[in-house]
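Asker: Pasting in a structure now, in structure tokens, and then I'll have a few things to ask.
The values are calculated or read from the model by the stated rules, or taken from the named source; none is laboratory data. Keep in mind the model is a prediction, meaning the values are calculated, not measured. Backbone-built Cβ (ideal geometry, glycine too); neighbour counts: all protein chains shown.
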Amino acid sequence: MTAGRRSSSERGQLDLFRTIPGDFAPRDAQDLMSYPFFSLSKSPRTRPIDFVAGDVSIRVEAVPEYGMATIWDADILIWAASQIVEARDKGFRTSRLMAATPYEILSFIGRGVSLRDYQRLKAALDRLQSTTVATSIRQPTEGRRHRFSWINEWQERTDHHGRPDGIELIVPDWFYRAVLDDALILTIDRAYFDLTGGLDRWLYRLVRKHGGRQRSGWRFDLRHLHQKSGSLSPFKRFTFEMRDAIRRQPLPGYTLFLEVEFSGRTLLAFEPNPRWGKAVDGLVLSGTRSIVPSGTAGSCYQEPKQGITHGNKKPIPPLNLESNTESNLEARARDVHSLLRQASDALGVTSSGRRRPSQSSHPHGRRTPSEGRP
């Protein structure tokens, strides 16, 4: 079957979803926030992204003519997710086939609406369509991969007089299913669209996904963070950019800082900024109804064991319960009892609390060293 026939068949099976107007909250798909799916550079990238962590594998490929879809292009997917969720919540029927005007898209993602902005929008749609993704995320069979493009197809619409009448696009089923699942969607701060740096945008999405508004925030090992970004920058350059982000504090709602563990490992840590809202304890689902599995073995609040720590800023050595035949708590109790007995002997106090007769007397009421405090 030719590509044209597949396209026509798919379009014929989908109902057209005309997007709804309104200034509502932007929503993002958690899988896209957590893993390296987009280029962080505005320069065209053709080198693939290969990421593996536990059971999660991702490969993103681009074609030289357009280059890989960037994190700025992903704003269109944020717009699409926001439209689908908002329409569904208002009782409208949604579809993967969406129709909107360029003005509606550009206004929602905080762009201008000039002819130049319109041309940039079309270039972004081309990159989204030509970029291919193969991932094991949300696949029921181990080792199986789902392959798709961020946009199956798009075209400019015209009215019955032949005048421009907006844009039609079809989002992939993998993305659409995630958007319809409340547990896989998070609301993001509209100030995100004001972030100009690719690394800042990627870092905000990662922080928002993992930390929510938890008071204790989250911690990431810098080397694992480098791998998770999919960045082409060397680790040394990446570390420099992380330190610069800490100096600038660009993320809306969060404060960044570095932590160094006793072992010398450096962590990037973040916590909610009180100026942006009240922090809370425990798991924060930010409008979702359940814990989010997001492709990992545990909840979305847990990462595969690649050197990530969460919680206390200084590690607390655990009790050595495995190498003792008895509980460390019992051993600790015996030690305390022994110290008390030694102190009692030193003070001349019996186990019943009575003082033993003194063997010597000392003028002026001075204590001997054996009578001092243990």
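Asker: Search the range 144-178 for residues being part of a helix (DSSP H, G or I) and over 15 Å from Ile76 (Cα atoms), and hand back the single one that is nearest to the chain's Cα centre (by Cα).
Answerer: Ala178
Asker: Only one of these conditions is not met by Arg116: (1) within 24 Å of the chain's Cα centre (by Cα); (2) part of a helix (DSSP H, G or I); (3) within 21 Å of Glu168 (Cα to Cα). Which number is it?
Answerer: If we test Arg116 against (1) within 24 Å of the chain's Cα centre (by Cα); (2) part of a helix (DSSP H, G or I); (3) within 21 Å of Glu168 (Cα to Cα), just (1) comes out false.
Asker: Only residues that are surrounded by fewer than 12 Cβ atoms within 10 Å (Cβ to Cβ) and among the charged types (D, E, K, R): list them for the range 100-124, please.
Answerer: Arg116
Asker: Go through (1) surrounded by 20 or more Cβ atoms within 10 Å (Cβ to Cβ); (2) polar (S, T, N, Q); (3) on the phi > 0 side of the Ramachandran plot for Ser231 and report which single condition fails.
Answerer: That leaves (3) as the condition not met.
Asker: Something else now. I'd like to verify a number: residues in the range 217-269 that are farther than 23 Å from Lys42 by Cβ and among the polar types (S, T, N, Q), how many?
Answerer: Residues that pass the stated criteria total 3.
Asker: What number of residues in the range 217-238 are of a type outside the set (D, E, K, R), assigned to a helix (DSSP H, G or I) and either closer than 15 Å to Gly198 by Cα or outside the structural domain of Glu259 (by TED's automatic domain parsing) (or both)?
Answerer: Residues in the range 217-238 being of a type outside the set (D, E, K, R), assigned to a helix (DSSP H, G or I) and either closer than 15 Å to Gly198 by Cα or outside the structural domain of Glu259 (by TED's automatic domain parsing) (or both): 4 in total.
Asker: On to the next question. Which of the residues belonging to the range 186-199 are hydrophobic (A, V, I, L, M, F, W, C) and either in contact with a Gly (Cβ under 8 Å, 6 or more places away or on another chain) or part of a helix (DSSP H, G or I) (or both)?
Answerer: Across the range 186-199, the qualifying residues are Leu186, Ala191, Phe193, Leu199.
Asker: Output the number of the condition that Ile58 fails; it satisfies all remaining conditions of (1) over 13 Å from Val133 (Cα atoms); (2) surrounded by 21 or more Cβ atoms within 10 Å (Cβ to Cβ).
Answerer: Just one mismatch for Ile58, condition (1).
Asker: Restricted to the range 121-143, and to residues that are outside any strand (DSSP E or B) and touching an Asp or Glu at 6+ places or on another chain (Cβ under 6 Å), which residue is farthest from Thr70 (Cα to Cα)?
Answerer: By that ranking, first place goes to Ile137.
Asker: Go through the range 182-198 and give me each residue that's buried (at least 17 other Cβ atoms within 10 Å of the Cβ) and among the acidic types (Asp, Glu).
Answerer: Across the range 182-198, the qualifying residue is only Asp189.
Asker: So, one more: Given the conditions (1) surrounded by fewer than 19 Cβ atoms within 10 Å (Cβ to Cβ); (2) at pLDDT 55 or above; (3) on the phi < 0 side of the Ramachandran plot, and given that Lys314 satisfies all but one, which numbered condition is not satisfied?
Answerer: Going through (1) surrounded by fewer than 19 Cβ atoms within 10 Å (Cβ to Cβ); (2) at pLDDT 55 or above; (3) on the phi < 0 side of the Ramachandran plot one by one, Lys314 breaks only (2).
Asker: When the range 41-60 is examined, which residues are found to be in a strand (DSSP E or B) and either closer than 12 Å to Arg127 by Cβ or not acidic (Asp, Glu) (or both)?
Answerer: Ile49, Phe51, Val52, Ala53, Val56, Ser57, Ile58, Arg59, Val60
Asker: Still on this structure, please answer the following. Among the residues of the range 1-20, write down those that are more than 24 Å from Thr101 (Cα to Cα) and either part of a loop (DSSP other than H, G, I, E, B) or at pLDDT 90 or above (or both).
Answerer: If the condition is that a residue be more than 24 Å from Thr101 (Cα to Cα) and either part of a loop (DSSP other than H, G, I, E, B) or at pLDDT 90 or above (or both), then Met1, Thr2 are the ones that fit.
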